[in-house]
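What follows is a single structure, written as structure tokens, with notes after it.
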Ligand SMILES: Nc1nc2c(ncn2[C@@H]2O[C@H](COP(=O)(O)OP(=O)(O)OP(=O)(O)O)[C@@H](O)[C@H]2O)c(=O)[nH]1
Ligand SMILES: [Mg+2]
């Protein structure tokens with residue numbers, strides 16, 4: 001375990017090779033990753049985590065690049081995880097993003113990595129969650145999770161974020177229709193990017209209309225220039241506090257509207273910190289994370305200790321010797337029974 005202690009030290013010192021190695025252990029689901037995570041976990045979690053998702057081509061990467069610059073100017077340390085479900089190292093989008101972000105690669109206060117692990121329970125979301133704990137331990141101030149796609153897995157990942165930004169752009173209206181269901185759920189802040197283009201106001205209105213269908217009180221989410229009005233609403237019952245996602249206009253490649261965006265993030269963060277509703281959201285996330293870790297640990301244990309029995313069960317089902325319910329039940333009984341005996 002001396003090796004692991006060195007790795008933990010390296011992480012705490014924000015040594016880039018150590019961070020990369022930790023990410024690799026997690027990606028590869030190396031058993032040492034579990035030990036590592038036990039050592040680096042802290043309840044507080046140093047970094048503020050921002051999820052960025054939205055319509056393809058809306059300017060997410062350009063925005064993220066601008067956000068990195070803004071946070072760096074404030075002296076904050078930033079990590080970016082590009083969540084790419086397709087492939088870790090290929091794909092035009094990621095390649096383009098890497099070139100765009102190249103200027104930050106020589107900056108020691110910036111860590112950029114893509115994540116693509118799938119295929120186990122919780123998939124992308126689980127391994128991203130693990131990497132987040134490493135980044136907390138490395139004391140990054142801000143972590144940005146940028147999704148490449150907008151499928152269910154990617155939306156799932158944004159649930160790991162304190163604040164999720166959904167990026168839209170004018171002229172991509174059909175996409176809004178197609179993905180709105182999932183996306184409205186996850187959004188804490190909306191950016192209508194490419195505000196320099198015609199149709200930005202119409203996109204803002206479309207969004208406002210969709211949001212108002214979700215029983216959101218009148219008059220909120222109004223625009224004043226780049227700034228959203230009333231992001232924080234106390235319902236008629238003083239007990240029910242509610243967060244109303246603001247809609248902000250940005251022109252990412254000119255760095256316009258980003259300060260207002262960062263202000264909206266800060267406001268959402270204080271909503272999480274200072275209200276009961278925010279505390280409930282945080283508690284629910286901890287519960288979900290624990291369950292995911294617990295179930296994955298059970299699966300790993302069963303796979304490791306009962307590999308032969310599992311294969312045998314598979315054969316029985318495939319060859320019709322047993323129905324899947326009875327075979328599964330027998331296997332679970334046997335696995336749990338043998339654990340309690342040992
Ligand atoms: N006019 C205009 N173009 C922009 C703006 N922001 C980004 N772009 C351009 O829009 C294109 C797409 O930007 P990206 O940042 O790659 O968008 P993305 O959402 O990351 O794209 P994918 O990762 O492929 O889904 C690029 O050519 C950008 O230069 C903006 O505010 N206004
Ligand atoms: Mg991109």
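Observations
- Where residue 248 falls short, out of the listed (1) surrounded by 14 or more Cβ atoms within 10 Å (Cβ to Cβ); (2) in contact with a strand residue (DSSP E or B) (Cβ under 9 Å, 6 or more places away or on another chain); (3) more than 29 Å from residue 63 (Cα to Cα): (3)
- For the stretch 76-97, the set of residues classified as at pLDDT 95 or above and either part of a loop (DSSP other than H, G, I, E, B) or within 15 Å of ligand 1 (Cβ to nearest atom) (or both) consists of 76, 77, listed by residue number.
- Test: residue in the stretch 24-44 that is outside the structural domain of residue 247 (by TED's automatic domain parsing) and either touching a strand residue (DSSP E or B) at 6+ places or on another chain (Cβ under 8 Å) or on the phi > 0 side of the Ramachandran plot (or both): yes
- For the stretch 137-168, a residue qualifies if it is crowded, with 20+ Cβ neighbours inside 10 Å and assigned to a helix (DSSP H, G or I), and the qualifying residues are 137, 154, 155, 157, 158.
- Candidates are the residues of the stretch 129-149 that are within 16 Å of ligand 2 (Cβ to nearest atom) and within 12 Å of the chain's Cα centre (by Cα); the one that is modelled with the highest pLDDT is 144.
- Scanning the stretch 1-12 for residues that are surrounded by 12 or more Cβ atoms within 10 Å (Cβ to Cβ) and not in a helix (DSSP H, G or I) yields a count of 0.
- From the options 118, 126, residue that is modelled with pLDDT under 85, away from ligand 2 (no atom under 16 Å from the Cβ), in the same structural domain as residue 194 (by TED's automatic domain parsing) and crowded, with 21+ Cβ neighbours inside 10 Å: 126
The values are calculated or read from the model by the stated rules, or taken from the named source; none is laboratory data. None of the values given here were measured: they were computed from a predicted structure. A quick note on method: Cβ atoms are made from the backbone with ideal geometry, for glycine too, and the neighbour counts reach across all protein chains shown.
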